[in-house]
1. Can you tell me which residues in the stretch 48-74 are of a type in the set (Ser, Thr, Tyr) and over 18 Å from Phe36 (Cβ atoms)?
2. Would a scan of the stretch 35-42 turn up a residue that is surrounded by fewer than 17 Cβ atoms within 10 Å (Cβ to Cβ) and charged (D, E, K, R)?
3. Of the residues Phe126, Phe80, which is more than 13 Å from Val4 (Cα to Cα) and touching a Phe, Trp or Tyr at 6+ places or on another chain (Cβ under 9 Å)?
4. Take the stretch 52-88 and flag every residue that is over 13 Å from the mean Cα position of the chain (by Cα) and basic (Lys, Arg).
5. Identify the residue in the stretch 1-17 that is of a type outside the set (A, V, I, L, M, F, W, C) and not in a loop (DSSP other than H, G, I, E, B) and, among all such residues, is surrounded by the most Cβ atoms within 10 Å (Cβ to Cβ).
6. Of the residues Ala107, Ala96, Ala70, Ala85, only one is in contact (Cβ under 8 Å) with a residue 24 or more places away in the chain and surrounded by fewer than 18 Cβ atoms within 10 Å (Cβ to Cβ); which?
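No value in this document is a laboratory result; all are computed from the given coordinates. Remember, predicted model here, so these are calculated numbers, not experimental data. Glycine gets a Cβ as well: all are built from the backbone with ideal geometry, and neighbour counts include every protein chain shown.
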Amino acid sequence: MVKVLFDHNMPPCIAKALNELINIDGHSAFALRDLFPTNISDIEYFDKLGRDWIVISKDLKNSRKKAERAAILNNQVIAFYLSPALQKKKIGQQAAAILWHWDKMLAQRSLMRNGLFQLPENKSQFRAL
């Protein structure tokens, strides 16, 4: 089953809400602070994750940093970064977009060994980063 980690720049309430919706299928969602110390670096927590994980973040800059990208790819993580337009939306709209794309995110996780993708605000496809 898939585990989803919402990093520190994502509202923990989205992780809790998504967890309630996906755990009936055996998946789980967590806020980063619920699993790791608040001062953990991105590379450290990527190194602790693995093939069963999806990370959701707003930190698009992270997707362009060489060390962070390498940690994601080497640890077989799939990372989704909210598009700039989606980041400007209210929390409920961000949660709705994540939920709308959930089945496609699961499919991406099962098809891909690793990867970094931008999560659109609308119903369009993911963009590889």
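1. Of everything in the stretch 48-74, just one residue is of a type in the set (Ser, Thr, Tyr) and over 18 Å from Phe36 (Cβ atoms), namely Ser63.
2. No: zero hits.
3. Phe126
4. If the condition is that a residue be over 13 Å from the mean Cα position of the chain (by Cα) and basic (Lys, Arg), then Lys61, Arg64, Lys65, Lys66, Arg69, Lys88 are the ones that fit.
5. Residue satisfying both the conditions and the ranking: Lys3.
6. Exactly one of Ala107, Ala96, Ala70, Ala85 is in contact (Cβ under 8 Å) with a residue 24 or more places away in the chain and surrounded by fewer than 18 Cβ atoms within 10 Å (Cβ to Cβ), namely Ala85.
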